[in-house]
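Here's the structure, in structure tokens; my notes come after.
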Amino acid sequence: MAIKAGLMPTAVIGDFDSLGAEAMARIPANRLHRIDEQDCTDFDKALRHILTPLVLAVGFTGARLDHELAVYNALVRLADRPAVVIGEHDICFHAPATLRLDLPAGTRVSLFPMTKVTGQSTGLRWPIGGLGFAPDGRVGTSNAATGDPVTLTMDGPGMLVILPRLMLRAVIPALVRG
């Protein structure tokens, strides 16, 4: 997609099973980083091999649901590699142990657990303290920011945060500063 948009990737990481021959021929060989394994997705491979404070991941939502779910799984398994998955309408990222976001009042804040997890919050219309979240139990869709800073303190890994895409500018500094 980047090539079709007139952009030249700095690096292409993966098994290349979905990279067309025409696109591959246009990308300089030193930018192609093949990882021949079929046990994980290209997103997983990229997260494991990119050393950066934060990955902004585009193009991983909206096509194949199985691949999109694998991306969310990788966000949790590779929580030490912060990444924001950017979709057409929403962004999603793994909640670090502590997080502070300045969000306008009324901003939708959804929390989706990928494992059993609990936490504390401030700045949410419906606080999460005392609630047990689990993928086969309670999830936290459609909460809302009050206009005060939103803070989340999670008792362990496994919580995904889903916000409107317009909140990306608030999320980046919050995740980079840790």
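Since every read-out is calculated from the coordinates, none of them should be taken as a lab result. Fair warning: this is a prediction, and the values are worked out from it, not measured in the lab. Cβ atoms come from the backbone with ideal geometry, glycine included; neighbour counts cover every protein chain shown.
Averaging the sequence gap over all C-alpha pairs within less than 8 Å and six or more residues apart, then dividing by the number of residues, gives the chain a relative contact order of 21 percent. Against the set (1) 1.13; (2) 0.96; (3) 1.01, the structure's computed Rg/Rh (Cα atoms, Kirkwood Rh) falls on (3). The peptide list 166-172, 153-159, 63-69, put in order of mean Cβ contacts within 10 Å with the highest first, becomes 153-159, 166-172, 63-69.
Of the peptides 104-117, 134-147, how do they stack up when ordered by the mean number of other Cβ atoms within 10 Å, highest first?
Top to bottom by mean Cβ count within 10 Å: 104-117, 134-147.
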